[in-house]
Amino acid sequence: MFIITYDISNEKRLKNIAKICESYLIRVQKSVFEGDLTKSQLHILQEKLTKTMDKEEDSIIIYFVARASFKRKKAYGKNVEDPYLII
């Protein structure tokens, strides 16, 4: 399980980073995505993100979370996930 968070200073890059993340993971907040990735998918995602971001201005953090730990997740407040998402 992976969690990606980001802080992108430019709106065009922000939209591009979000599109990249959406193609691999599920959006759970405006700048937070989560989901499972294969090693190959993770490698490709990392390459795309680092090519798109400005390393002097932007920040992207990828958390590697053990599946057992992730089951203890708690969420509060408004859910920003896609209301039409079916799992």
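For ALA18 and GLU57, the difference between the fully extended length at 0.36 nm per residue and the C-alpha to C-alpha distance is 12.4 nm.
Oblate is the label for region 2-58. Its Cα gyration tensor axes, ordered a ≥ b ≥ c, give a/c of at least 1.5 and b/c at or above a/b. Taking R0 as 35 Å, what FRET efficiency do you get between LYS30 and ALA68 from their Cβ-Cβ distance, rounded to the nearest 0.05? Working from the Cβ atoms, E equals 0.80.
Since every read-out is calculated from the coordinates, none of them should be taken as a lab result. As the structure is a prediction and not an experimental result, all values here were calculated from the model. We place every Cβ from the backbone using ideal geometry, glycine too, and count neighbours over all the protein chains shown.
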